[in-house]
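Participant: Supplied in structure tokens, the structure appears directly below.
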Amino acid sequence: MAKPILIIDPGHGGIDPGGGTNRYWKEKDLALKISLYQFNRYKELGIPVAITRTTDKTLSPDERTRIVRESGAKYCHSNHLNAGGGDGAEVIHSIYDGKEMAEKIAQELRKEGQNVRRVFTRTLPGNSSQDYYFIIRETGNVITNIIEYGFADSPRDDIEQLRNNHLEYAEAVVRAFCDYAGYHYRSPSGNVGHVDVPINPPSSGPGNNGGNSGAISQYIHLPASENSWRVYPVNVAPVKGNEKGFLNPAKFGGLTYKILGNPQAHVYIIETSDFGRVQIYGHPNTGAVINRNSSQTGGNSQPSGNLDRSTGKHLHLPSSATSWRVYPLGVSPVKGNEVGFLNPAKFAGLSYEILGSTQPDVYIIETSDFGRVQIYAHPSTGATINNDDTGVPTTRPPQSTTQYLNLPASENSWRVYPLNVSPVKGNEKGFLNPAKFGGLKYKILGTTQSHVYIIETSDFGRVQIYGHPSTGATITK
């Protein structure tokens, strides 16, 4: 069998439905349908091709990227549907490669009638040398593009376009690849377009037309940090200018409402005491949380009590842990429901701002690989929580004893590192020059691991620094 030139990655799958889901499709299913169509087309064109999954299968990020790396392919399409209230396709490429192919794909999508919102790249916060998205960052030498075909919660025409034209958009990507990689393109023949993947979500959970068709009620929880939240009349577009009024979750320590319907992705019908039955926008990036736990609500206008979204608190996962489960929002955070795994040990510990909590010891955090998720972090797990806004775990000196790090005058170059990265060569943010100042002295604000300290510098802000005694650094009170 010929080694593939291209591997296709249908995003999500199995227990991970994907955020680009609405009343008409689950992202995992529509991404698979697009991907299988392309897989069949490339085979029809005689182009050696592989695929990461052909069924509704759960793949962890490690499994997914390993399949791509070991495929032998030079290129990868990672197919997705977007969410977040925008409109149009997006194509993402690496900071190191893939831009030309991304622009070809965007060009062909435009020709097919889909507007293109942007072609872009993104880096990890605090480390501009690494790609943000794991499917690009962890796939080695494979030139990977993430293709977001449109928004599942678009206020404009993406939903209807994707329902009617998703295979045309899939074909546009095939044309783009052939043009870019130098393969002869010809139009599809026969029944290659038939792909037997149902894309309609089952009728469970909130009803799609204003009723509750599910056996289990769902609730939307608005965080106590927000003092103004728009609500809209039923049967109008839920966009700014159409609002009927404003809720004030902060006044009640948060608000919780039973979901009576779900007319489009992330838009819910609720009953309020002030405005009656209305629509409300509750995308996860707003801080709203959806779950099935009715014990978290005392009625339609009662505070939820546990959605604090306190950005002053941080969750710190210890460097001794190699695998930590994270769960999608809106599911029970128990084994079997996980969307993936974090690896604190790989980064000498991990820290996240706490955006809210769904139940005792279960927190909402934002991750680069899995987006906004739930995480279980009882003290018995080794996780710690504090009010430090540096975003790194800290072990502070006793309040009565301030400690200082002293860098010797003999050194003219001393590495400092961003917070939330491993303090190793290649990750540095810059260099201090103790010799220039006859030595340097900094107050120790915390430690992230043995002999690694947090200091505040005038040139680089708050950073990590390695100060083992063997380096010549000393600690004084």
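Participant: Of all residues in segment 410-438, which are part of a loop (DSSP other than H, G, I, E, B) and exposed (fewer than 14 other Cβ atoms within 10 Å of the Cβ)?
Facilitator: Once the filter is applied, which keeps residues that are part of a loop (DSSP other than H, G, I, E, B) and exposed (fewer than 14 other Cβ atoms within 10 Å of the Cβ), segment 410-438 yields 410, 412, 413, 424, 425, 426, 433, 438.
Participant: Can you tell me which residue within segment 103-154, out of those that are over 23 Å from residue 85 (Cα atoms) and either hydroxyl-bearing (Ser, Thr, Tyr) or not assigned by TED's automatic domain parsing to the domain that holds residue 71 (or both), is modelled with the lowest pLDDT?
Facilitator: By that ranking, first place goes to 128.
Participant: Here is a further query. If a residue has to be closer than 23 Å to residue 23 by Cβ and touching a Leu at 6+ places or on another chain (Cβ under 9 Å) to count, how many in segment 218-255 make the cut?
Facilitator: 6
Participant: Restricting to segment 329-347, and then to whatever is of a type in the set (Gly, Ala, Ser) and either crowded, with 21+ Cβ neighbours inside 10 Å or closer than 17 Å to residue 222 by Cα (or both), can you tell me which residue is modelled with the lowest pLDDT?
Facilitator: That would be 330.
Participant: How many residues does segment 51-102 contain that are assigned to a loop (DSSP other than H, G, I, E, B), without any contact (Cβ under 8 Å) to a residue 24 or more places away in the chain and either acidic (Asp, Glu) or buried (at least 19 other Cβ atoms within 10 Å of the Cβ) (or both)?
Facilitator: 0
Participant: Also, I was wondering about something else. Restrict the check to segment 362-376 and report whether at least one residue is modelled with pLDDT of 75 or more and farther than 15 Å from residue 326 by Cβ.
Facilitator: No, the conditions are met nowhere in segment 362-376.
Participant: Starting from residues that are of a type outside the set (A, V, I, L, M) and assigned to a strand (DSSP E or B), keep the ones in segment 134-189 and report whichever is surrounded by the fewest Cβ atoms within 10 Å (Cβ to Cβ).
Facilitator: It comes out as 148.
Participant: Restricting to segment 23-50, name every residue that is crowded, with 24+ Cβ neighbours inside 10 Å and of a type in the set (Asp, Glu).
Facilitator: Once the filter is applied, which keeps residues that are crowded, with 24+ Cβ neighbours inside 10 Å and of a type in the set (Asp, Glu), segment 23-50 yields only 27.
Participant: Follow-up question, since we're still on this one. When residue 450 is evaluated against the numbered criteria (1) exposed (fewer than 14 other Cβ atoms within 10 Å of the Cβ); (2) within 25 Å of residue 352 (Cα to Cα); (3) among the hydroxyl-bearing types (Ser, Thr, Tyr); (4) modelled with pLDDT of 85 or more, which criterion, by number, is the only one it fails?
Facilitator: (4)
The values are calculated or read from the model by the stated rules, or taken from the named source; none is laboratory data. The structure displayed is predicted, hence computed values, not measured ones. No Cβ is skipped: glycine too gets one built from the backbone with ideal geometry, and neighbour counts run over all protein chains shown.
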